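Input: a single structure, listed below in structure tokens.
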């Protein structure tokens, strides 16, 4: 589990992270979302002890990262896939990490197989494509078989097969009871991968919510042969109603359950009563539109 409590980071007059508080729980994939400049990477760096907070604290498995006795066995992280000596082979890079952290040589071979790098294990990392470098970074994160995993934009450079692979891997790791925190700008991919979302903007928490709840648009589609009369009744009860075709209504400001009860009480025949979902991208854009650091003129 990751616990973030009142976490802040200031660089002179600039506040990059502003009093963040949230938990990342085991057994689910938690997506970490926000516009560019929102403070996601800075927050991850503070969780991993790479940056010192200006206020608050972060705990991993109940302790500061720096206080973990064997951090690589507790936490695996991918923040910068390029942080590898370019002349070192993939196997040698992982072997150095393993020897420095009392991890078996056999585990090196396991993660090379798991990440699809076994055929190129003797190739220098400097000759890797971006996608292969990402796989090597993921292999290093998995090396200690950790309970907590932190990935910053892990799908960068991956081809479609690689994206499906990392999505399946993250969900499998969470299903094993591990804590998985992953940031991404690919909303469609997050909709398929994450179970829970932490959304920040300008360093502040905007949402801490299940993906399904985040994607609800707040509108309900209603179809009834008496659409005009039912629309007037809904409006009189405080709902906002828009006509949709001959027998359809789009209703906001009233839950589907309340609309159904109202229809039953008035003996209104319903053909359809459907709470609508926005795409994750639409919901994200709507929620963060006032927190974009570099917007475009409209």
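The values are calculated or read from the model by the stated rules, or taken from the named source; none is laboratory data. Everything numeric in this text was worked out from a predicted model, so none of it was measured. We place every Cβ from the backbone using ideal geometry, glycine too, and count neighbours over all the protein chains shown.
The residues in region 52-86 that are surrounded by fewer than 17 Cβ atoms within 10 Å (Cβ to Cβ) and within 20 Å of residue 153 (Cβ to Cβ) can be counted, and the count is 3. I'd like to check which helices (runs of 4 or more DSSP H) are fully inside region 57-173 and have at least 2 residues that are in contact with a strand residue (DSSP E or B) (Cβ under 6 Å, 6 or more places away or on another chain). So the answer is 130-142. Residue 254 passes every criterion in (1) within 30 Å of residue 163 (Cα to Cα); (2) outside the structural domain of residue 166 (by TED's automatic domain parsing) apart from (1).
When region 87-112 is filtered for residues that are without any contact (Cβ under 8 Å) to a residue 40 or more places away in the chain and surrounded by 13 or more Cβ atoms within 10 Å (Cβ to Cβ), the ones remaining, listed by number, are 88, 89, 91, 92, 95, 96, 107, 108, 109, 110, 111, 112. Checking residue 189 against (1) within 17 Å of the chain's Cα centre (by Cα); (2) in a helix (DSSP H, G or I); (3) closer than 24 Å to residue 42 by Cβ; (4) touching a residue at least 60 places away in the same chain (Cβ under 8 Å), which single condition isn't satisfied? So residue 189 meets the others, but not (4). I'd like the full set of residues that are outside any helix (DSSP H, G or I) and over 40 Å from the mean Cα position of the chain (by Cα), limited to region 224-267. Result: 225, 226, 246, 266, 267. Residue check: is residue 198 assigned to a helix (DSSP H, G or I) and touching a residue at least 24 places away in the same chain (Cβ under 8 Å)? Answer is no for this residue. Scanning region 110-131 for residues that are under 16 Å from residue 84 (Cα atoms) and over 22 Å from the mean Cα position of the chain (by Cα) yields a total of 12.
Looking across region 102-120, just one residue is in contact with a helix residue (DSSP H, G or I) (Cβ under 7 Å, 6 or more places away or on another chain) and on the phi > 0 side of the Ramachandran plot, and that is 116. Answer yes if at least one residue in region 154-164 is in the same structural domain as residue 83 (by TED's automatic domain parsing), touching a residue at least 60 places away in the same chain (Cβ under 8 Å), over 27 Å from residue 285 (Cα atoms) and surrounded by 19 or more Cβ atoms within 10 Å (Cβ to Cβ), and no otherwise. For region 154-164, residues in the same structural domain as residue 83 (by TED's automatic domain parsing), touching a residue at least 60 places away in the same chain (Cβ under 8 Å), over 27 Å from residue 285 (Cα atoms) and surrounded by 19 or more Cβ atoms within 10 Å (Cβ to Cβ): absent.
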